[in-house]
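Structure first, then comments.
The values are calculated or read from the model by the stated rules, or taken from the named source; none is laboratory data. Being a predicted model, the structure only gives us computed values, none of them experimental. Cβ coordinates were reconstructed from backbone atoms using ideal geometry, including for glycine residues, and neighbour counts include every protein chain displayed. Just the protein is used for accessible areas: all its heavy atoms, side chains included, with ligands, DNA and RNA removed. Shrake-Rupley method; radii C 1.70, N 1.55, O 1.52, S 1.80 Å.
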Amino acid sequence: MEARLNVFGNPVAMKFLKHINSAGKVLSDSGLPAATQELVKIRASQINGCGFCTDMHTKDAAAAGETSVRLNLIAAWREATVFTDAERAALELTEQGTRIADAAGGVTDEAWANAAKYYDEDQLAALVSLIALINVYNRVNVMVQQPAGGYEPGMFA
């Protein structure tokens, strides 16, 4: 399987990715817990059907010490007992923020208030920005049909 467009070799795509990667660095350096960041990236990628990002972020999370039980239960987080209340709030915000077109009104006040119970303003800013950013990556990869499975943790570091 080959991608429709080589985003790693095209000068326009590379310039764009350089800028969004810089935005990602700001978020990875924020006060939002690293484990929560990976959960958010994985859940949005699952929803969007982005195999490339799902592959990358599950492998990065595992390399950082995330358990296989938690990784395997992300898609079913509502029924899983392995996530903290804060993580569950972030996952709910991720789902609603990713599925904006599917829900009248977008993110509910309840989901926002729940997230605000666990995250301060800077963390909320990072969380919202992270949800938006992973959705950008997902859309690029899905549109070009970027193949999944070959990612090795840290290969883009």
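Among the conditions (1) surrounded by fewer than 18 Cβ atoms within 10 Å (Cβ to Cβ); (2) touching a helix residue (DSSP H, G or I) at 6+ places or on another chain (Cβ under 6 Å), the only one that W77 does not satisfy is (1).
So, in the range 113-154, of the ones that are in a helix (DSSP H, G or I) and of a type in the set (G, A, S), which residue ends up nearest to the chain's Cα centre (by Cα)? Walk me through how you get there before you give the answer.
Filtering the range 113-154 for residues in a helix (DSSP H, G or I) gives 113-118, 121-144.
If we keep only those that are of a type in the set (G, A, S) too, we end up with 113, 115-116, 125-126, 129, 132.
On the way: A113: 21, A115: 16, A116: 19, A125: 15, A126: 12, S129: 10, A132: 9 Å.
In this case the residue turns out to be A132.
Among the residues of the range 61-95, those that are part of a helix (DSSP H, G or I) and within 24 Å of D122 (Cα to Cα) comprise A61, D85, A86, E87, R88, A89, A90, L91, E92, L93, T94, E95. If R4 passes every condition in (1) assigned to a helix (DSSP H, G or I); (2) surrounded by fewer than 18 Cβ atoms within 10 Å (Cβ to Cβ); (3) touching a helix residue (DSSP H, G or I) at 6+ places or on another chain (Cβ under 6 Å); (4) not aromatic (F, W, Y) but one, which one does it miss? Answer for R4: the failing condition is (1). In the range 134-157, the residues that are under 18 Å from E95 (Cα atoms) reach residues that are β-branched (V, I, T) with C-beta atoms within less than 7 angstrom, at least six apart or across chains, in these pairs: I134/V40; N135/T98; V136/I20.
In the range 28-48, is there at least one residue being more than 26 Å from Q96 (Cβ to Cβ) and either among the aliphatic types (A, V, I, L, M) or open to solvent by 30 Å² or more (accessible area, probe 1.4 Å) (or both)?
Step one: filter the range 28-48 for residues more than 26 Å from Q96 (Cβ to Cβ), giving none.
Scanning the range 28-48, I find no residue that is more than 26 Å from Q96 (Cβ to Cβ) and either among the aliphatic types (A, V, I, L, M) or open to solvent by 30 Å² or more (accessible area, probe 1.4 Å) (or both), so the answer is no.
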